[in-house]
Structures are given as structure tokens and as C-alpha cells.
Amino acid sequence: MGTAVEAANKEANGSIAEKKPTVVFVLGGPGSGKGTQCANIVQHFGYTHLSAGDLLRAEIKSGSENGTMIQNMIKEGKIVPSEVTIKLLQRAIEECGNDKFLIDGFPRNEENRAAFEDVTKIEPAFVLFFDCSEEEMERRLLSRNQGREDDNIETIRKRFKVFLESSLPVIEHYDSRGKVRKIDAARPIEEVFESVKAVFTSKNEKAD
């Protein structure tokens, strides 16, 4: 029995390594506009957009055993283990016909980052970092949607603080390897996308 499980694991790891996907991590604080820019990148450059949060929500909705465990952890205010999120990302990469992926909102911290590289053996081609001041993000979040309960000023500041404390070490790690592409996200959407396009165009030229 154990050998069948081992074989399945080996197969899963083998297929993702053989696929040699291009992975770009997309990081930015709440309200930095990364969701909008991801949609633009998908449209213009043919990437598949994978949101760690969306994958977790879909797994909960599916009613699977894994989904129930995730739901309970979130309810209790616990952080979902890296391995769980990574397995969902890995499965999505393997099941997709594409070989270019934007991974949005992950890794959230250094532990996520190290575990992702360890489990998948994939290092990102680069990290797209949408840099935006706290004041601008606050202004955007408060004006965009009165309906979202986590968009009040105190919660926004907490989310921003969490982002700074947990994600900045990830950005610093990749920056030391020359992999961070920093985008000034405080500008209008069109201007931001011009900068994004320049990053992806130079990447594509290097790849050919």
C-alpha cells in the first residue's frame, strides 16, 4: 500500500518538474491593484492566474475532507499550513494545459517561500511587487467597496501591517537574488500596466 502512495507522490512531483513551468509570484499589499494587473497580464501575455486564496475557497466549497479542515482552521483564526496551499497550487499547475503561471498572494511569508521551493523544486522566474503607500491603499480600499466587511480603517491597517511584517522578508530574499521587479502601483491603472508590460516584454525577449 505504502509503495502505491509513494509512487503517486513521485509521479506528482515528477510531472510538475518535467513540466518546467514559468512561475511569477505577484505580491502587493491590500489595495495595491494586483488583481486588476493580473487580469491584464493574463489577457496580454497568456499566463494562467492562480490565486492562493481562491484555491483555498474553492477547496472549502467542494466539501472535501481537505476543504472541511481548511474551513475549520480559518474559523479558528489559524493559518492554513504551507503544505496545504502548496498542494492546491501544485495540483492546479499540473492540471492546467498552460506552462506560464502568475501566483497571486503567495508566498505570504518566508516559511511559505521555502516550503514552495522545497516541495515543487520550482523557483520563480521573478517576483512582481506592486509597491504602494499605506495612505493610497487605504484611500482605494475605503472608496472601492462599502460592502466588504474587512474594508474598515482599523482592519485595513492591520492587514497592511501583516503584509509588511510577513511579505517584506520574502521580497528582500528575492531582491538579493536580483529577482524582484518593483512597480510603482500608486499611479493610474494604465500607467502601472505600461510598466508591467515592459517587465514581461523584456522577460519574453530573454526567453527566446
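Annotations
- Extending 7 Å from the Cα toward the beta-carbon at both Thr36 and Glu110 defines two label points whose distance is 3.4 nm.
- Efficiency of FRET between Arg177 and Thr201 - r from beta-carbon atoms, R0 25 angstrom, step 0.05: 0.70
- Using θ = phi - 60° and Karplus 6.51 cos²θ - 1.76 cosθ + 1.60, couplings along the range 59-70 (whole Hz; Gly, Pro as x): 5, 4, 4, 5, x, 5, 4, 4, x, 5, 4, 4
- Pairs from Lys34/Lys161; Lys100/Lys161; Lys19/Lys182; Lys20/Lys87; Lys78/Lys100 whose Cα-Cα separation, in the structure shown, is over 26 Å: Lys100/Lys161; Lys19/Lys182; Lys78/Lys100
- Model label points for Met73 and Gln43, set 7 angstrom from Cα along the Cα-to-Cβ axis, are 3.5 nm apart.
- A simple spin-label model places pseudo-atoms 7 Å from Cα toward Cβ; at Ser143 and Ile189 they are separated by 1.4 nm.
- Averaged over its residues, the range 67-109 has an accessible area of 52 Å² per residue, based on protein heavy atoms and a 1.4 Å probe.
- Sequence-distant residues sharing a close amide H with Thr48 (under 5 Å, placed H): Lys100, Phe101, Leu102
The values are calculated or read from the model by the stated rules, or taken from the named source; none is laboratory data. These figures come from a predicted structure and were not determined experimentally. When we count neighbours, we look across all protein chains shown, and the Cβ atoms used for this are built from the backbone with ideal geometry, even at glycine. Each accessible area value is taken on the protein alone, full model and side chains, heavy atoms only, with ligands, DNA and RNA left out. Shrake-Rupley method; radii C 1.70, N 1.55, O 1.52, S 1.80 Å.
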